[in-house]
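The values are calculated or read from the model by the stated rules, or taken from the named source; none is laboratory data. All values reported here derive from a predicted model rather than from experimental measurement. We place every Cβ from the backbone using ideal geometry, glycine too, and count neighbours over all the protein chains shown. When the accessible area is computed, the model is the full protein with side chains, heavy atoms only, and any ligands, DNA or RNA have been set aside. Shrake-Rupley method; radii C 1.70, N 1.55, O 1.52, S 1.80 Å.
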Amino acid sequence: MKIPFIYQIKSLSRTVKFFCIGLCAVSVSSCEFLDVVPDNVSTLDHAFSNSTEAEKFLFTCYSKLPQSGSQHGNVGFFGGDEAWLPLDLDTRWVNRDAWDIARGNQNTNDPYHNAWGSSRSAQGYFIGIRLCNTFLENVENENIVPDLQLATRSRWIGEALFLKAYYHYLLLRMYGPIPIVDRNIPVYATPEETKVVRMPIDTCVNYIARLFDEAYTRLPAYISRPTTELGRVTQPIALACKAKLYLLAASPLFNGNTDYANFRNAEGENFFNQTYDESKWTRAAEATKAAIDLAEEYGAQLYYFDNNSPIQLSEESMVQMNIRNAVCDPWNDEIIWGNGNSRPNDLQKTCVPLINNDFLNTDCWGMMAPPLKIVEMFYTKNGVPINEDKDLAQNYTRYETLRTVEDSERVNLQPGQQTAALNFDREPRFYADLAFDRSAYLLYSIPSQSDQEPFYVNARLGELGNGVTQSMYSATGYFVKKLVHWESTFIQNGQRREYPWPEIRLADLYLMYAEALNESKSAPDNEVYEYIDRVRQRAGLDGVVESWQEHSTNPSKPTTKAGMREIIQRERNIELAFEGQRFWDLRRWKTANEELNKPIQGWAIDQQEAAAYYQKRTIFMQKFIAPRDYLWPIQEAELRRNTDLVQNPGW
């Protein structure tokens, strides 16, 4: 009998050649540790013959980390509703795998972004677990790798334990109940012994948390040699990931989800606990606070832009640079975990529109297009939703209404030009994150050296921003600015300023803590407000209570648990927009069936005149089937090979 692909996680004989699957030479700015991989023909004897070779093997364990900074590898970019692609997409630039999920084409025959079996743009997390287990089996034995010092040995074991936990967590987030692979299956195992089974959610969570705890005790508190080790895991990273695990476990998808009441293993045991447990939110809050405290102890803080460039920036632009560079400034103090395994280069091309005649159209794809509902999601300048703003709501009653830009608005909009009323009087994150027709685009290369004369986007039919190459245009009329480093250039021989992808930012932890606290209490208190307000203050907004009391038609909203839940969820969607977080948050909140059954809409981009261009049109009608689409399908071939596996409901 053929052993299933993912279960070929055998403890190979130390005289058998090591099969190094999918190793990638990945680089980290100012550090080299992920650039070195062992030869594909190396035997395990050689791989653990000395500390140099063993460290190379450890780096292969890192090599299965998700490609979160790639338009191909981050399913959150195009798998949900945060950004759309052109219908005539050229797949040489962006593959369709994640987008096919968004368009309702997920399947069991050959699943998109198949992390269970390592295909369709996904990393193989079971392969990563196998690598970690092989490393641990050898390095935990002090008779192997004889020249490895005890302190270094302990740290490396901690790194492998962390990665093993993290790969399990990523699988849990996608598939729900998963097999726990604590040890590699021996090479002499019978076919029946290779048929591992899925475990209940709470069992998986407890196992992964234990691994994070074991890793924590062995990891360094910080990177003491940043020139060679940035990107390797530390204690704050371990605590932050444990907090994310507990937040997932406390969320509606995994906490008392009766939609899966009939989803059981062969013994009749429920995979999903059927009773809501509020104490899981308390556990998540405590874990997140511990992660915040440790990160801050070692220097983590919200990013604020320090303009040491020759470009003159107004206070308004400085706030926007706070937001953009919190993501793009490499290794800044807000980044808890920077993933040097994935460094946005082509992603920046995917975002930036063709702005200037000097820019290369082959470097300015501009195809990552936020739909109108994402544009509407951002607050007004008063820090409340546009449909709640008692001072400005009348300005947005007809989004197709045009307004002429005044000279005082030139930092954000092109003076004397017309654009939609929807684009006026919005919060700083709106202008920091988004570009659109007649919007400003601040880059370091602006000839004026002043934000009073930035680049401006012109995106109507026949204009540069509308695209001059097949599929290199925005399907909605909006572009993502947030992920483009402001020092990147797009001229002949221009350079993209690369940065490690921020897997976890301090702002994320603050909002996680506010959410967990709010859910663990009968009503929000000052501590809940404090942590969400820290993020809002950096974004140039007043606090939640003040903003709602002064400007909202629902001033008491922040005083109730349900009202604050809605505010926190929206705040996460705004602050973490276009970082791939919304895709997962909608699932754990169980709101995807509401949000992903709304139309994808944009402007009439095939029109030249402003009045015709600014007409709302429906591009696609999404269809999300609950509860089926909350969890990934397991490929049918795996189920045939292992009849003890149970498919996720609805597939």
- Just to be sure, is W584 in contact with a strand residue (DSSP E or B) (Cβ under 9 Å, 6 or more places away or on another chain) and aromatic (F, W, Y)? no
- Item | Test result for T152, among the β-branched types (V, I, T) and either modelled with pLDDT under 95 or surrounded by fewer than 17 Cβ atoms within 10 Å (Cβ to Cβ) (or both) | yes
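Residue-wise test of (1) assigned to a loop (DSSP other than H, G, I, E, B); (2) among the basic types (K, R).
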site: V375; (1), (2): no, no
site: V384; (1), (2): yes, no
site: N387; (1), (2): yes, no
site: D391; (1), (2): yes, no
site: Q394; (1), (2): no, no
site: Y399; (1), (2): yes, no
site: R403; (1), (2): no, yes
site: S408; (1), (2): no, no
site: V411; (1), (2): yes, no
- Item | Positions within the stretch 155-206 being open to solvent by less than 40 Å² (accessible area, probe 1.4 Å) and not in a helix (DSSP H, G or I), in sequence order | G176, P177, I178, P179, V181, N184, I185, A189, K195, V196, R198, P200
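Could we say that E566 is farther than 22 Å from G543 by Cβ and free of Cβ contacts under 8 Å to residues at least 12 places away in the same chain here?
Against the criterion (farther than 22 Å from G543 by Cβ and free of Cβ contacts under 8 Å to residues at least 12 places away in the same chain), E566 does not qualify.
Residue by residue, here is whether (1) of a type in the set (F, W, Y); (2) open to solvent by 10 Å² or more (accessible area, probe 1.4 Å); (3) free of Cβ contacts under 8 Å to residues at least 24 places away in the same chain holds:
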| position | (1), (2), (3) |
| --- | --- |
| D45 | no, yes, no |
| T52 | no, yes, yes |
| E55 | no, yes, no |
| C61 | no, no, no |
| H72 | no, yes, no |
| D90 | no, yes, no |
- Taking the stretch 530-566 and keeping residues touching a Pro at 6+ places or on another chain (Cβ under 8 Å), in a helix (DSSP H, G or I) and surrounded by fewer than 21 Cβ atoms within 10 Å (Cβ to Cβ) leaves V545, Q549, T559, K561
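Anything in the stretch 207-239 that is polar (S, T, N, Q) and either open to solvent by less than 20 Å² (accessible area, probe 1.4 Å) or touching a helix residue (DSSP H, G or I) at 6+ places or on another chain (Cβ under 9 Å) (or both)? List them, or say none.
Passing the criteria: T217, T228, T234, Q235.
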- Task: Could you tell me whether A475 is buried (at least 20 other Cβ atoms within 10 Å of the Cβ), touching a Pro at 6+ places or on another chain (Cβ under 9 Å) and without any contact (Cβ under 8 Å) to a residue 40 or more places away in the chain?
- Result: no
- Failed condition for T227, given (1) in a loop (DSSP other than H, G, I, E, B); (2) more than 23 Å from the chain's Cα centre (by Cα), with all others met? (1)
